[in-house]
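Enquirer: Attaching a single structure in structure tokens format; questions to follow.
Every read-out reported here was derived from the displayed coordinates using simple, explicitly stated rules and does not represent laboratory data. From a predicted model like this one, the values you see are computed outputs, not experimental measurements. Cβ placement follows ideal geometry from the backbone for every residue including glycine, while neighbour counts extend to all protein chains displayed.
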Amino acid sequence: MAEVLVLADHFDGTVRKATLELLTLAHRLGEPSAVVFGPDPAVIEELARYGTAKIYAVDAPQDGVHDVIPKAEGLATVARESNPAAVLITSSYDGKDIAARVAVKLDAGLITDAVDVRAGDDGTFAATQQAFAATYTLTGEVTRGTPLITVKPGAAAAEPSPVTAVVERVPVTYSELALAVRVVERSVREATGRPDLGEAGVVVSGGRGLGGAEHFAVVEALADSLGGAVGASRAAVDAGWYPHAHQVGQTGRTVSPELYIAAGISGAVQHRAGMQTAKTVVAVNKDPEAPIFELADFGVVGDLFDVLPVLTSLVQEV
Ligand SMILES: Cc1cc2nc3c(=O)[nH]c(=O)nc-3n(C[C@H](O)[C@H](O)[C@H](O)COP(=O)(O)OP(=O)(O)OC[C@H]3O[C@@H](n4cnc5c(N)ncnc54)[C@H](O)[C@@H]3O)c2cc1C
């Protein structure tokens, strides 16, 4: 079976959910393999649990080096040597930066922000993208070199498929350029105890209907009762009620949780672009004509300040 190489994104011994999704996708397309930087046993174990038959363990650059260019060099080295049928990378800022550099190094075509990838009978890979806030769907394929495809988180549900992985160490001598950017300071965002927005199974988002920053407490309470993350519409973020890191939509984060609850959000096309692949959407809005109801699986026409606290206590009782 054709080898499909995945760039593994991992931090502190944990493989990011988006990488596990890529491995499931790779499994559908061929034989998944992965590139990791610095062989961490916990990372290798997790990759094998999700079906990675071969793991290329590339020497990590020294501490303090900004790792986008080194990762591009390491990934290009592995891709040149292993000649995979395709390379899948998470569509994050860093992922797309790395993918573009690798495409130039390999003189190969690149498709970004795919929401699905399918294998054709002739060995080609068709990548689906959505354009203009998902008004259009288009399918494309790379016609030159090893296809490089960045895939948005949530494109596939990660499914374990345990295998015994073969680990191959890949020594890489990084160029001077790769070591030219150093991280001079790193600060960790204050932990909220809530899951990351992009990885959460449940997301509860608040919009302009909340009327003020202080009212996000009702959204947070419901999110906490469900073990979920908190999102926000751009209107709420622009008003300064919630940090931009929580914005869901075209110019914010893309989320694909099992459950998305939109409270006081009208459902503008730019908001929907970031959440419409959620498995179940619940909308709470006092306007029965709000466009969010067109997309919602369950809708409550009512005041969110009445509905959310009741919902929170019902969940807490379960
Ligand atoms: C280029 C571009 C990019 C954009 N990117 C994004 C993006 O990434 N994310 C995003 O969200 N938007 C984005 N927008 C903005 C988008 O067009 C909308 O303006 C925005 O999503 C509206 O946010 P909202 O639904 O919170 O506010 P509104 O549209 O004002 O809706 C508020 C809703 O709350 C309801 N409501 C009010 N009070 C209550 C109550 N007490 N109980 C229940 N319901 C109540 C109202 O009925 C209304 O439906 C973008 C716009 C542009 C032009």
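Enquirer: Relative to the Cα centre, what is the charge dipole magnitude of the chain, using +1 at the beta carbon of each Lys and Arg, -1 at the beta carbon of each Asp and Glu, and rounding to the nearest 20 debye? Can you show the working numbers first?
Expert: Numbers: 24 positive and 40 negative charges, 95 e Å.
Dipole of the chain, to the nearest 20 debye: 460 debye.
Enquirer: In degrees between 0 and 90, to the nearest 10, how far off the longest principal axis of the chain does helix 93-106 point, with axes built from Cα atoms?
Expert: That helix lies at roughly 30 degrees to the long axis.
Enquirer: Starting with the fewest neighbours, write out 141, 190 ranked by other beta-carbon atoms found within 10 Å of each beta-carbon. Each step should come with its number before you reach the end.
Expert: Details: 141 16, 190 5.
The most exposed by this proxy come first: 190, 141.
Enquirer: Where a Cα-Cα gap under 16 Å defines reach, which aspartates and glutamates qualify for residue 286, not counting those fewer than 8 residues away within the same chain?
Expert: 294, 303, 306
Enquirer: Taking only Cα atoms, what is the 0 to 90° angle, nearest 10, from helix 68-82's long axis to the longest principal axis of the chain?
Expert: Rounded to the nearest ten degrees, it is 50.
Enquirer: Also: Convex hull over the Cα atoms of the chain, averaged projected area in nm²?
Expert: Working: hull surface 69.7 nm².
Hull-based average projected area comes out at 17.4 nm².
Enquirer: Please tell me the relative contact order of the chain in percent, rounded to the nearest whole number, where contacts are Cα pairs under 8 Å and at least six residues apart. Kindly include the intermediate steps, with their values, before the conclusion.
Expert: Numbers: 698 pairs, mean separation 46.5, N = 318.
The value is 15 percent.
Enquirer: Assign unit charges at the C-beta atoms only (+1 for Lys and Arg, -1 for Asp and Glu), then state the dipole size of region 3-179 relative to its Cα centre in Debye, rounded to the nearest 20. Kindly include the intermediate steps, with their values, before the conclusion.
Expert: Details: 14 positive and 24 negative charges, 58 e Å.
Value, rounded to 20: 280 debye.
Enquirer: Tally Lys/Arg at +1 and Asp/Glu at -1 over every other residue whose Cβ is under 15 Å from the Cβ of residue 210; what's the total?
Expert: Values: positive: 208, 234, 286; negative: 214, 220, 238, 287, 303, 306.
So the surrounding residues net to -3.
Enquirer: Starting from region 57-151, pick out the trypsin sites (Lys or Arg not before Pro) whose DSSP state is loop and whose Cβ has at most 13 other Cβ atoms within 10 Å. Present the calculation step by step, with values, prior to reporting the outcome.
Expert: Working: sites: 71, 80, 96, 101, 105, 118, 144; in loops: 144.
Listed in order of number, the matching sites are 144.
Enquirer: Going by average Cβ density within 10 Å per residue, which order do the peptides 243-251, 201-209 take, highest to lowest? Before the final figure, lay out the partial values.
Expert: Values: 243-251: 18.3, 201-209: 24.8.
The densest-packed peptide leads the list: 201-209, 243-251.
Enquirer: Okay, next question. Could you identify which residue out of 152, 17, 286 has the top mean-square fluctuation in a GNM of the chain using Cα springs shorter than 10 Å?
Expert: 286
Enquirer: Per-residue ellipticity at 222 nm for the chain, helices alone: DSSP H runs ≥ 4 residues times -39500 (n - 2.57), over residue total, nearest 500 deg cm²/dmol?
Expert: Values: 9 runs with 88 residues, N = 318.
After summing the helix terms and dividing by residue count, I get -8000 deg cm²/dmol.
Enquirer: Another question, then. Need the full-extension length gain, residue 301 to residue 177, defined as separation in residues times 0.36 nm minus the C-alpha distance. One decimal, nm. Could you put the intermediate results ahead of the total?
Expert: Details: separation 124, 0.36 × 124 = 44.64 nm, distance 5.70 nm.
Gain in length upon complete extension: 38.9 nm.
Enquirer: Under unit Cβ charges (Lys, Arg +1; Asp, Glu -1), what dipole magnitude, rounded to 20 debye, does region 128-208 have relative to its Cα centre?
Expert: About 220 debye.
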